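Below you'll find the structure, written out as structure tokens, and then a few comments.
Quick note: the coordinates plus some simple rules give every number you see, no bench work behind them. Remember, it's a predicted structure, so these values are computed and weren't measured experimentally. Note that each Cβ is placed from the backbone with ideal geometry, even for glycine, and that neighbours are counted across all protein chains shown.
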Amino acid sequence: MYKIKKPFIQTLVGHITVESPIWLMRQAGRYLPEYRLLRNQAGSFLGLCLNSKLSSEVTLQPIRRFGFDAAIIFADILLVPYALGQKLEFLEGEGPVLEPVDNEKSLSLFKADMERVGSVFEAIGIVKEKLPASVAQIGFCGGLWSVACYMIEGQGKRGFKKALNVEQYQPEFLEQLIRILHDATFEYVCRQIEAGAEVIQIFDSWAGLLKEEKFRRWVIEPTKNLVRAIEEKYPEIPIIGFPNNATPADYRAYVNETGVDALSIDQHIPLNFARTELQIVKPLQGNLDPELLLIGGSRMKEAVENIINKLGSNHVFNLGHGVLPDTPPENVAALVKMVRDFRVSE
């Protein structure tokens, strides 16, 4: 049964709330001084993700400071490749670095071992015990296409030329990798839910690299299969999909075809389109430009009011992408107050 006393979950399941619930992608991270202290203790980003005591504390930091309606477990979408046995590290100034996957022999070596990422599930359990009763806990995973991009490319630099070449010239290889990722991601998500996650978000960070039929093949179809598998086992768990940077038409196809319970939209989606083409299908989340949160002030306030007026209470307030590292924490506090204080215009 849905825990509909939590405003965030109420909105995801279609209940009307007086205020828009709010949380932010990357709400825990480098913009918070308390995060930087723990990051130094961990020694590395991956070490922080794999330390349940520290990662649970990082998850809770923005809840204590800002009073968000949801906490998202501090982890990374590339923990699934790590659980499969792919070498992974995060280098300062470069981001993730993986041993590239480029042949069927390398695929045959993959075997999911969720104990390698067991600290994520332990952290969810710790957070569950400490969250206020009204705050929901979000687990998450990467979209299968986006995770495959990193695994093939071996890094996170923009472009993913190698991954796009594989998609064009070796689709059978990509299909094999997607199947492996489906099984591992499903197990990873199930373990999060069993540990206490009440909502799952699927981050397809690089969905926008594909258009139309390719988008349907590598983003919509794998997502639909994953959503179906999760919902068959855990029908009470809402699933949010986020096909970042997709075209409006592809967003529309995604929300209509994947089976997600709610749709997170980036800042490039026009609000009128979001209201008339997407929100009539499922509740929405997101859309505020992270740059406006960085700037703050009157420009942010105008955008906040516009979003709430257009999307109303069938909407979870969030960004169109993650909090930028240089964002002043006081701007985040101001944003939360704006959303809490604002009522949809008559």
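Of the residues Pro96, Pro81, Pro283, the one that moves most in a GNM of the chain with alpha-carbon contacts below 10 Å is Pro96. Give the calculated FRET efficiency between Glu213 and Ser44 to the nearest 0.05, with a Förster radius of 41 Å applied to their Cβ-Cβ distance. About 0.55, to the nearest 0.05. The length gained by stretching the chain between Tyr169 and Ala333 to full extension, at 0.36 nm per residue less their Cα-Cα distance, is 54.2 nm. Taking the Cα centre of segment 1-159 as origin and assigning +1 to Lys and Arg Cβ atoms and -1 to Asp and Glu Cβ atoms, the resulting dipole is close to 500 debye.
Note on segment 232-346: with charges restricted to the Cβ of Lys and Arg (+1) and Asp and Glu (-1), its dipole about the Cα centre is near 240 debye. The base-10 log of I(q)/I(0) for segment 199-346, evaluated at q = 0.08, 0.13, 0.20, 0.22 Å⁻¹, reads -0.23, -0.59, -1.20, -1.33 [Debye formula, identical scatterers on Cα atoms, solvent excluded].
Annotation: amide H of Tyr234 has no partner in the under-5 Å range at sequence separation 5 or more or interchain, hydrogens built in the peptide plane. The charge dipole of segment 156-203, taken about the Cα centre with unit charges on the Cβ atoms of Lys, Arg (+1) and Asp, Glu (-1), comes to about 440 debye, rounded to the nearest 20.
Take the convex hull of the alpha carbons in segment 199-275; its mean projected area over all directions comes to 4.7 nm². For a paramagnetic label modelled on Leu107 (point 7 Å from Cα along Cα→Cβ), amide N atoms under 17 Å away belong, within segment 132-152, to 144-152.
The lysines within cross-link reach of Lys337, meaning a Cα-to-Cα straight distance under 24 Å and a gap of 8 or more places when in the same chain, are Lys5, Lys6, Lys130, Lys301, Lys310.
For Glu167, Glu257, Glu213, the sequence from fewest to most other C-beta atoms within 10 Å is Glu213, Glu257, Glu167. Take the Cα of Glu89, step 7 Å toward its Cβ, do the same at Glu305, and the gap between the two points is 5.2 nm. Scaled against the 2.2 N^0.38 Å expected of a compact globular protein of N residues, the Cα radius of gyration of segment 233-320 reads 1.09. Under conditions of 10 °C and 1.306 mPa s, segment 131-170 yields 130 µm² s⁻¹ as its translational diffusion coefficient, taking Rh as the Kirkwood radius over Cα pairs in the Stokes-Einstein equation.
Would you kindly calculate the mean projected area, averaged across all directions, of the convex hull enclosing the Cα atoms of the chain, in square nanometres? Spelled out: convex hull of the Cα atoms, projected over all directions, averaged, 15.7 nm². Evaluated at q = 0.17 Å⁻¹, the base-10 log of the normalised Debye intensity for segment 1-126, with identical point scatterers placed on the Cα atoms, takes the values -0.96.
Projecting the Cα atoms of Val219, Ala163, Val120 onto the charge dipole of the chain (Cβ charges, centred on the Cα centre) puts Val120 farthest toward the positive pole. Antiparallel beta bridges, as assigned by DSSP with both residues in the chain, represent about 20 percent of the total such bridges. When the chain is treated as a Gaussian network with alpha carbon springs shorter than 10 Å, the biggest mean-square fluctuation among Pro329, Pro238, Pro222 belongs to Pro329. Among the GluC sites (Glu not before Pro) found in segment 73-166, those both in a DSSP coil and sparsely packed, with 11 or fewer other Cβ atoms within 10 Å of their Cβ, are Glu92, Glu94. Placing unit charges on each Cβ (+1 for Lys and Arg, -1 for Asp and Glu) gives segment 24-282 a dipole about its Cα centre, and among Gly93, Ile152, Phe110 the Cα reaching farthest toward its positive end belongs to Gly93.
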